[in-house]
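Participant: Below is one structure. I have some questions about it.
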Amino acid sequence: MLMQRPSGIAGVTVIALILLAAAIGALAPPYDPTMVDFTTRLSPPSSAHWLGTDEWGRDVLSRLLSGTAVTVAVAGLTTLLVTISGALLGAFSGLAGGWLDRCVVALMDAFLAFPALVLAIAMTAVLAGSSLAPVVALGVAYLPYMVRVVRAHVLTLRGRDFIAASRVMGNSPAYTLLRHVIPNTVAPVLVMSTSLFGWALLAESALSFLGLGLAPPAASWGGMLADSRNYFADAPWLALAPGIAISGALLGINLFGDFCRDYFDRKTKD
Amino acid sequence: MIRYALTRLTLALPTIIIALFLIFVLIRLIPGDPAQLILGEVDDPAALARIRADLALDKPLPMQFLYWVLALARGDFGTSITMQSPVLDLLGPAFAVTASLVVPSVVIAALLALPLGMLAAWRRNTRTDTAVVAVSTLSLSIPAFWLGLMLLLLFGVKLDLFPVVGYVSLAEDFGEGLHYLALPVLTLALIEAGVLVRLVRASTVEVLQLDYIAHARAKGLTEVAVAGRHALPNVMGPTWTMIGLVLGGLLGGAVVIETVFSLPGLGRLMVEAVFARDYPLVQGCMVVVMLSYVGVNLLVELTAPLLCPAVRHE
């Protein structure tokens with residue numbers, strides 16, 4: 001299935017490369033990404049520093065790799081947090097119905113009345129300083145999207161015989177939820193999680209570009225881009241590497257997301 | 001029509017009230033005395049007491065919320081800690097800057113996306129289609145702030161055609177203002193066109209399978225007439241909704257572009273307020289962003305029946 005779709009293969013390859021880069025960045029970057037060396041300040045790409053060095057003489061490749069680890073960790077944790085809490089809340093709300101459901105929907109609509117990035121920026125103001133701040137801020141901003149998708153899907157499941165049968169058999173609502181409802185929402189949740197991972201990756205880069213991400217000297221893609229602006233004319237490679245990394249990662253995730261959507265669409269039609 | 005409009009308005013009201021409550025709660029989630037937070041790091045017992053009274057901090061939480069909303073309705077958004085001026089006076093000009101950036105970008109993006117998306121759907125599974133889809137997927141993947149930086153590097157720094165920093169408002173000097181806005185508008189238009197092209201293409205593919213299109217063709221209409229007269233109105237339905245979402249989202253979400261091009265817009269104001277811990281200003285920015293987001297979407301919903309026949313019949 002996957003092999004027949006070149007865009008699917010490309011997506012999976014890019015995601016594998018990102019994870020590999022994150023692992024190298026976290027475990028064994030070529031240089032210490034925070035090591036300052038003024039003798040090699042702003043040097044262009046060379047055999048010693050493949051992507052050159054920045055204004056502190058730090059190796060750009062090492063910073064890019066360790067930035068990958070940070071960005072992937074933040075985006076991954078956000079996706080995990082939103083997927084689990086969003087799927088549970090959405091399924092619970094859709095299954096419970098009544099005023100509980102209406103309350104959840106009204107609350108989620110209120111969250112959706114803000115652009116996600118604005119909500120995330122405001123949350124960082126509240127959570128200032130905590131190293132989990134970006135994850136929680138982005139998690140809150142994207143939670144309503146997952147709740148909405150899962151709830152809509154659960155509403156279509158609710159009237160189905162197997163859900164009624166589980167209730168008639170005397171199963172508790174919690175058991176019905178976990179055993180019968182949640183497993184049947186895997187496809188839309190998976191498609192949504194893929195999109196979410198991409199959104200979170202982009203939003204994390206945007207937050208750290210604005211200086212609201214993790215504190216320096218920790219490397220991040222957005223932070224590297226923001227710093228590169230001061231040395232634009234003399235050291236354009238500083239702006240190229242992180243930009244290509246973000247774009248490449250998002251392209252891979254988008255291709256994989258399209259592939260997932262097509263795959264599940266076809267499966268439900270069959 | 002009027003009944004439709006009134007229903008939509010009433011439906012939006014609870015959302016606005018809960019969203020206002022979220023903004024209100026947000027500031028109270030920050031550890032510390034809200035009055036002290038709003039006053040800033042100043043030791044002034046008299047001012048502190050006055051703010052306590054203004055915020056009705058001795059009253060229960062729902063009453064405090066009510067006082068705050070009533071003050072907002074009077075146009076009293078509080079006083080900025082860092083600028084020492086009414087928050088509303090800061091929000092107005094910033095909103096104008098953001099609107100002059102965002103509205104033209106979305107218009108250009110829509111004008112690019114409609115013909116391109118429809119063309120791709122018409123030529124489905126040909127090279128034209130593949131090329132349009134590839135470019136739009138690519139534009140979806142490039143972060144606006146990086147594209148902006150690259151355009152700035154190329155046209156500003158290398159070719160010296162556009163200014164690299166600073167801002168002149170359109171009201172001050174229209175020609176100069178356009179010069180400063182050109183690159184940021186182009187950046188946003190290119191990025192947002194990517195989202196819209198994919199949507200237009202997908203909607204057109206669906207519409208093309210409907211019987212009335214076959215009927216229009218059987219009547220002997222040219223393909224251009226089929227596209228313009230028959231397909232376009234139904235493609236406009238979902239596209240119009242998406243344009244609203246994009247436009248509303250950008251009114252606060254254009255913050256990264258405003259940062260790249262040093263434009264004193266709404267998003268930029270909010271980020272600076274977050275850095276300065278200027279909570280009344282953060283609150284004010286959120287209120288304006290939320291109201292404009294909800295307002296734009298409401299406007300889109302209200303105008304949708306005028307544009308798309310399918311919505312009218314629902």
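The values are calculated or read from the model by the stated rules, or taken from the named source; none is laboratory data. No experiment lies behind these values; they were computed from the predicted model shown. No Cβ is skipped: glycine too gets one built from the backbone with ideal geometry, and neighbour counts run over all protein chains shown. Areas reflect the complete protein model, heavy atoms only, side chains present, ligands, DNA and RNA absent. Shrake-Rupley method; radii C 1.70, N 1.55, O 1.52, S 1.80 Å.
Participant: Between Rg and the Kirkwood Rh of the stretch A:191-270, both from Cα atoms, what is the Rg to Rh ratio?
Facilitator: Radius of gyration relative to Kirkwood radius: 1.16.
Participant: So how tilted is helix A:133-158 from the main axis of chain A? Cα-based, degrees 0 to 90, rounded to 10.
Facilitator: Taking Cα atoms only, the helix is inclined about 30 degrees.
Participant: Restricting things to Cα coordinates, could you compute the convex hull volume per residue of chain A in Å³?
Facilitator: Per-residue hull volume (Cα only) is 148 Å³.
Participant: Just tell me, in residue order, which DSSP H segments of chain B are both 20 angstrom or longer along the helix axis (alpha-carbon based) and at least 1.6 in mean Kyte-Doolittle hydropathy.
Facilitator: What comes out of the filter, once short or polar helices are dropped, is B:2-29, B:87-122.
Participant: Could you please report the charge total around B:M63, scoring K, R as +1 and D, E as -1 over all other residues with beta-carbon less than 15 angstrom from its beta-carbon?
Facilitator: +1
Participant: For the interface of B with A, what's the total buried accessible surface in square angstrom, probe 1.4 angstrom, rounded to the nearest hundred?
Facilitator: Using a 1.4 Å probe, the pair buries roughly 3500 Å².
Participant: Turning to a different aspect of this structure: I'd like the Kirkwood hydrodynamic radius of the protein assembly as shown, using the inverse of the mean 1/r over distinct C-alpha pairs, in Å.
Facilitator: With all distinct Cα pairs of the protein assembly as shown included, I get 25.9 Å.
Participant: Using only Cα atoms, find the angle between the long axis of helix A:237-269 and the longest principal axis of chain A, and express it within 0 to 90 degrees, rounded to the nearest 10.
Facilitator: 20
Participant: Given C-alpha coordinates of chain B, what is the ratio Rg to Rh with the Kirkwood estimate of Rh?
Facilitator: Rg/Rh: 1.06.
Participant: How much of B:S262 can a 1.4 Å solvent probe reach, expressed as accessible area in Å² and rounded to 10?
Facilitator: That residue has around 50 Å² of solvent-accessible surface.
Participant: Compute the helix-to-body angle for A:116-127: its Cα long axis versus the longest principal axis of chain A, expressed 0 to 90° and rounded to tens.
Facilitator: Helix A:116-127 sits roughly 80 degrees off the main axis of chain A.
Participant: Could I ask something else about it? Leaving out same-chain residues fewer than 8 places away, which aspartates and glutamates sit with a Cα under 15 Å from that of B:K158?
Facilitator: Here the aspartates and glutamates satisfying the reach criterion relative to B:K158 are A:D234.
Participant: Highest first, please rank the peptides B:37-47, A:176-186, A:235-245 by the mean number of other Cβ atoms sitting within 10 Å of their residues.
Facilitator: By packing density, highest mean first, the sequence is A:235-245, A:176-186, B:37-47.
Participant: So, one more: Ordering B:M290, A:M192 by accessible area with a probe of 1.4 Å, largest first, what comes out?
Facilitator: Putting B:M290, A:M192 in descending order of accessible area: A:M192, B:M290.
Participant: Once ligands and nucleic acids are excluded and a 1.4 Å probe is used, how much of A:V104 is accessible, expressed in Å² to the nearest 10?
Facilitator: 20
Participant: I've got another one for you. Could you pull out every residue, at least 5 positions away or on a different chain, whose amide H is within less than 5 Å of the one on B:T79? Hs are placed 1.01 Å off N in the peptide plane, and Pro or chain starts have none.
Facilitator: Here the answer is B:V87, since their amide H atoms fall under 5 Å of that of B:T79.
Participant: Quick one: order A:W221, A:W199, A:W99 from most to least accessible surface, probe 1.4 Å.
Facilitator: A:W99, A:W199, A:W221
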